[in-house]
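J.: Below you will find the structure I want to go over with you.
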Amino acid sequence: MAHGPATLADGWGKYLSRWLFTTNHKDIGTLYLWFSFAMFIMGGAFAMVIRAELFQPGMQLIKPEFFNQMTTMHGLVMVFGAIMPAFVGLANWMIPMMIGAPDMALPRMNNLSFWILPFAFAILTSTLFMEGGGPNFGWTFYAPLSTTYAPDTVNYFIFGVHIMGASSIMGSINIIATVMNMRAPGMTYMKMPMFVWTWVITAFLLVAVMPVLAGAVTMMLMDINFGTSFFDAAGGGDPVLFQHIFWFFGHPEVYIIILPAFGVVSHIIPTFSRKPLFGYSSMVYATAAIAFLSFVVWAHHMFTVGMPIAGELYFMYATMLIAVPTGVKVFNWITTMYRGSLTFETPMLFSIAFVILFTFGGFTGMMLSIAAADMQYHDTYFVVAHFHYVMVAGAVFSGTAAVYYWLPKWCGKMYNETMGKVQFWIAFIGFNITFMPQHFLGLAGMPRRYADYGLQFADWNMVSSIGAFMYGGAQILFLFNVVRTIGWGEPTKDPKVWEGAEGLEWTLPTPAPYHTFAKPPKIK
Amino acid sequence: MLKRAQALFLRLLSPAIALAMAGGVSAESTTRQLNMPQGVTEVSQAAYDIHMIMMWICTVIGVAVFGFMFYVMYAHRKSRGAVAANFHENHVVELIWTIVPALILIVMAIPATTALLKVYDTENADIDIKVTGYQWKWQYEYIGEGVKFMSELRTSQDEIYGRAPKGEHYLREVTQPLVIPTGKKVRFLITGNDVIHSWWVPDFGVKRDAVPGLFTAAWAKTDVPGIYVGECTELCGIGHAFMPVVVEVKPEAEYNEWLAGKKEEAALYASTIGKEWTFDELMVRGEEVYERSCAGCHQSDGKGIAGVFPALKDSPIALGAKEGHIAVLIDGVAGTSMQSFADQLSEVDIAAVVHYERNAWGNDVGDVTQPLDVLNYKKNQ
Ligand code: HEM
Ligand SMILES: [Cu+2]
């Protein structure tokens, strides 16, 4: 017999052990989401320190040493702590409900893959308080800056990365196993919702490249502590080898971040257009094509490293190709809206902004893929602007949209629409004020990861900082709205919540009960 | 604080005021430039051209796609009574929007390839210059000429930390710029000494990583004399933002004169290395060298940064026999960021800075370290 979850009324002990020992996909999804939000706030705080220091030329608030720790920690925490766990959280909540499964295939491993994450980040952040400070070599941690020249705390960083990798691999295996084995009868692969499709493909990417990352940090560990010289030129090693290994992980990683976001948007746009997703099968093929291509373009991050021209040309052509499947997705979303019956609730606003701003980031991506021009863009603020357009306006906007979209289903209460819209506009405007000028800064010659800059860059940096504070402020509103909804929100009247919503998850009662689909649903 | 707030307010209020206020930052500066510079070489021009082509193509596609999207958002909204259609496929359209972008890409690949060929055309150079990235300065060596020098940031710590007003060339000035002649094809052979740096001169369209153990080549040829400023673009530690690249392009005759002067300087230095220096002379020179080459890590007060860079004040090495101290500078400390300075500093500079460290901040050893001591150490190695 199914028993309900312990609540605070059962006492703190029971309540805490519920969360500690839970194997319920919804509980674990919730844990992932809150963890991700906490990391988002922490990574955001680091960003605020960076933007405050860059508000004016000169060193005002912090020393360059600490500045480098801030840029590094910001990148690591946002990528591995905020964005990735957010989508794993969504996967946990939604995949079983979307394919008609009672839970994830491997519930105990699910618990483990979440609960090691807080330790990974506790280890990583604790280095900030140690002698020598935290990692200061950038989120891409190029050797030998991260080996021979790194502070001793780099060993904690390596350990932390290993744990994060293990967590991601377990999470991915679980998702693959669930989707392969637990679909309701009649749910063929080509009937699976887009979010499920994008996540399976992402999970395969993760299983493929996380071990590569683990290999890279293990080689670092050996170089630092056991006298090998994989990356040390003085011992016959090659620093460029590190970059090849890192980006063989790193480029698929950026698609690991964006593919689930594509999935989310492919649900929200049809809902608020009241019209089915246009070109479902081409969406699936495009996603697979993007995933495949992501393995063969890695050295576009290394155009200035001095590769032979044949290598440069190959990586340039291959990178340009990515624009084709990416374009297909964008056209499909827009055509889904065409001749729909559109309304603009908060999730839809974030999704539309996603389409526009992500596409903008795709355009700068195309420009970056041209090797001769990239020699001017590389490692400047132009690149910083590019990847924030795809990762913040892409992944983070879509994550925000997902929370607003499914929150009423999760807790049976409606968020405050006005507050959501206000948050959207502050975030949208703040985001563009922050990152649009960074294109100009980069083109005019400002390198990234600079603690200080010449006077000619002063104006746009100030504008960018103001935008960043604005964008940061919008997140407080987000937190407030979510907490208010869970605690004091209006109960949703319609169990389906959104007029245009389609899919198994909306056939369940609202709020979704603790255990769902104990008996598999019938698929037409 | 108030002044800052006021400036901010004015800037927000009107970009025009901001322009007027901060106008004329520096003669060669690229004040409030928004786009990539066209630069002064074939390569930078090629990069600029392909950048502009790409930008226009993206703009046209963007206007078309977003234009359509905004039309849809306006025309097909529920509040205007739009009723949803129910189509969800159209193979012809889908094929078109797969093939057309692919065709555009193929067309774009042509200029992209020619531009890249230009970047890699490093054969038949007239002059070869070796560029080495150090934490946190550049070394330039004119191959075959016997001329070699360090180029370091000249902006003072006081300007950086706001204890003195910032000069008009803030962070864009170095002790000695690289000098090259007009009208000659100059090849840069770029490498790194410690970590990876990246040598970038936007106006030449040259950006190359300076990787330890690896040489990469880039080139420039220009007819436009002037001073061109660039940066280090690969994160290389705490001094990353403080190692600009400055290149001065001179007409050929002036360049030859300059090179001859450099050679003379080197000869003159070699003849005076045996001179006895006094205690105070060495202190003055030593402090200069220390601030430039050592203070970045070990700090001006000699106290270092706990856990990263050891203190020199009261350190056993600084207070011990001077040979041990000289050895650290000449050989570096393996496996740490303390590099060898043998190649970066002259014997006089090494002697001066050792002397300074032994006698500053209460390290009162009281002896004198002469350039000859350094020379002897090198000979005995
Ligand atoms: C049309 C699609 C895209 C193309 C053609 C593209 C191309 C590029 C290129 C060539 C670079 C290297 C720039 C340089 O360092 O000089 C780059 C950097 C980057 N891109 Fe993209 N990109 C695309 C989409 C994306 C997406 C979807 C994401 C992630 C969600 C992403 C994330 C990044 C990141 C994080 C970097 C910088 C990594 C670093 O150096 O720290 N890009 N992109
Ligand atoms: Cu990439």
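The values are calculated or read from the model by the stated rules, or taken from the named source; none is laboratory data. Remember, predicted model here, so these are calculated numbers, not experimental data. Cβ sites come from the backbone with ideal geometry, for glycine too, and all protein chains shown count toward neighbours. Note: accessible area is taken over every heavy atom of the protein model, side chains too, but ligands, DNA and RNA are not part of it. Shrake-Rupley method; radii C 1.70, N 1.55, O 1.52, S 1.80 Å.
J.: So which of A:GLY306, A:GLY311 ends up being within 22 Å of B:PRO111 (Cα to Cα) and either within 14 Å of ligand 2 (Cβ to nearest atom) or surrounded by fewer than 19 Cβ atoms within 10 Å (Cβ to Cβ) (or both)?
T.: When all the criteria are applied, what remains is A:GLY311.
So that you can scan it fast, the table gives a plain yes or no per residue for (1) free of Cβ contacts under 8 Å to residues at least 60 places away in the same chain; (2) within 16 Å of ligand 2 (Cβ to nearest atom); (3) within 27 Å of A:MET39 (Cβ to Cβ):
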{"position": "A:THR364", "(1), (2), (3)": "no, yes, yes"}
{"position": "A:MET367", "(1), (2), (3)": "yes, yes, no"}
{"position": "A:ALA372", "(1), (2), (3)": "yes, no, no"}
{"position": "A:PHE387", "(1), (2), (3)": "no, yes, yes"}
{"position": "A:ALA395", "(1), (2), (3)": "no, yes, yes"}
{"position": "A:GLY399", "(1), (2), (3)": "no, no, yes"}
{"position": "A:VAL403", "(1), (2), (3)": "no, no, yes"}
{"position": "A:TRP410", "(1), (2), (3)": "no, no, yes"}
{"position": "A:THR418", "(1), (2), (3)": "yes, no, no"}
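J.: Here's another thing I want to ask about it. When you scan the stretch A:216-334 for helices (runs of 4 or more DSSP H) that lie fully inside it, which ones turn up with 2 or more residues that are away from chain B (no Cβ under 14 Å) and within 27 Å of the chain's Cα centre (by Cα)?
T.: Details: elements: A:239-273, A:280-293, A:309-321.
Fully inside the stretch A:216-334 and qualifying: A:239-273, A:280-293.
J.: Could you list, in sequence order, all residues of the stretch A:232-260 that are open to solvent by less than 20 Å² (accessible area, probe 1.4 Å), more than 16 Å from ligand 2 (Cβ to nearest atom) and over 14 Å from A:TYR142 (Cβ atoms)?
T.: Once the filter is applied, which keeps residues that are open to solvent by less than 20 Å² (accessible area, probe 1.4 Å), more than 16 Å from ligand 2 (Cβ to nearest atom) and over 14 Å from A:TYR142 (Cβ atoms), the stretch A:232-260 yields only A:PRO260.
J.: What is the number of the single condition among (1) closer than 29 Å to A:ALA512 by Cβ; (2) assigned to a helix (DSSP H, G or I); (3) over 22 Å from the mean Cα position of the chain (by Cα) that A:PHE121 does not meet?
T.: All conditions are met except number (3).
J.: Condition first: surrounded by fewer than 22 Cβ atoms within 10 Å (Cβ to Cβ), farther than 26 Å from A:GLN438 by Cβ, more than 9 Å from chain B (Cβ to nearest Cβ) and not basic (Lys, Arg). Can you find one or more residues in the stretch A:343-359 that meet it?
T.: Yes - at least one qualifying residue is present in the stretch A:343-359.
J.: Something else about it: Answer yes or no: is there a residue in the stretch A:81-90 that is assigned to a loop (DSSP other than H, G, I, E, B) and either under 26 Å from A:ASN481 (Cβ atoms) or of a type in the set (Phe, Trp, Tyr) (or both). Break it down into steps so the answer makes sense when it comes.
T.: Of the residues in the stretch A:81-90, the ones assigned to a loop (DSSP other than H, G, I, E, B) are none.
Checking the stretch A:81-90: not a single residue is assigned to a loop (DSSP other than H, G, I, E, B) and either under 26 Å from A:ASN481 (Cβ atoms) or of a type in the set (Phe, Trp, Tyr) (or both).
J.: On to the next question. Please state which one of A:PHE440, A:PHE478 is under 26 Å from the mean Cα position of the chain (by Cα), aromatic (Phe, Trp, Tyr) and farther than 18 Å from A:PHE387 by Cα. Before the answer, list the steps.
T.: Numbers: A:PHE440 fails: farther than 18 Å from A:PHE387 by Cα.
It is A:PHE478.
J.: Which condition from (1) crowded, with 23+ Cβ neighbours inside 10 Å; (2) on the phi > 0 side of the Ramachandran plot is the one that A:GLY138 breaks?
T.: (1)
J.: Further, regarding this structure: Examine the stretch A:119-135 for a residue that is touching a residue at least 60 places away in the same chain (Cβ under 8 Å), within 14 Å of chain B (Cβ to nearest Cβ), in contact with a Ser or Thr (Cβ under 6 Å, 6 or more places away or on another chain) and at negative phi, and state whether such a residue exists. Lay out the reasoning, then the answer.
T.: In the first step, residues of the stretch A:119-135 are kept if they are touching a residue at least 60 places away in the same chain (Cβ under 8 Å); the result is A:121, A:125, A:133-135.
After this cut, where a residue has to be within 14 Å of chain B (Cβ to nearest Cβ) as well, the list is A:133-135.
After this cut, where a residue has to be in contact with a Ser or Thr (Cβ under 6 Å, 6 or more places away or on another chain) as well, the list is A:134-135.
Still in the running and at negative phi: A:134-135.
Within the stretch A:119-135, one or more residues are touching a residue at least 60 places away in the same chain (Cβ under 8 Å), within 14 Å of chain B (Cβ to nearest Cβ), in contact with a Ser or Thr (Cβ under 6 Å, 6 or more places away or on another chain) and at negative phi.
J.: Shifting gears a bit: Checking B:ALA334 against (1) touching a residue at least 60 places away in the same chain (Cβ under 8 Å); (2) open to solvent by 40 Å² or more (accessible area, probe 1.4 Å); (3) not polar (S, T, N, Q), only one condition comes out false. Which one?
T.: All conditions are met except number (1).
J.: Go over the candidates A:MET391, A:MET414, A:MET375 one by one and state the one that is over 18 Å from the mean Cα position of the chain (by Cα) and over 16 Å from B:MET36 (Cα atoms).
T.: Values: A:MET391 fails: over 18 Å from the mean Cα position of the chain (by Cα); A:MET375 fails: over 16 Å from B:MET36 (Cα atoms).
Just one listed residue meets the conditions, A:MET414.
J.: Open to solvent by less than 20 Å² (accessible area, probe 1.4 Å) and closer than 30 Å to A:ASP452 by Cβ: is that true of A:ALA393 in this structure?
T.: Numbers: open to solvent by less than 20 Å² (accessible area, probe 1.4 Å): yes; closer than 30 Å to A:ASP452 by Cβ: yes.
In short, yes.
J.: Going through the stretch A:314-357 one residue at a time, which ones are touching a residue at least 60 places away in the same chain (Cβ under 8 Å) and within 14 Å of ligand 1 (Cβ to nearest atom)?
T.: A:LYS329, A:PHE354, A:VAL355, A:LEU357
J.: Ok, one more. Exactly one of (1) hydroxyl-bearing (Ser, Thr, Tyr); (2) surrounded by fewer than 24 Cβ atoms within 10 Å (Cβ to Cβ); (3) within 16 Å of ligand 1 (Cβ to nearest atom) is unmet by A:SER398. Its number?
T.: In the conditions (1) hydroxyl-bearing (Ser, Thr, Tyr); (2) surrounded by fewer than 24 Cβ atoms within 10 Å (Cβ to Cβ); (3) within 16 Å of ligand 1 (Cβ to nearest atom), A:SER398 misses (2) alone.
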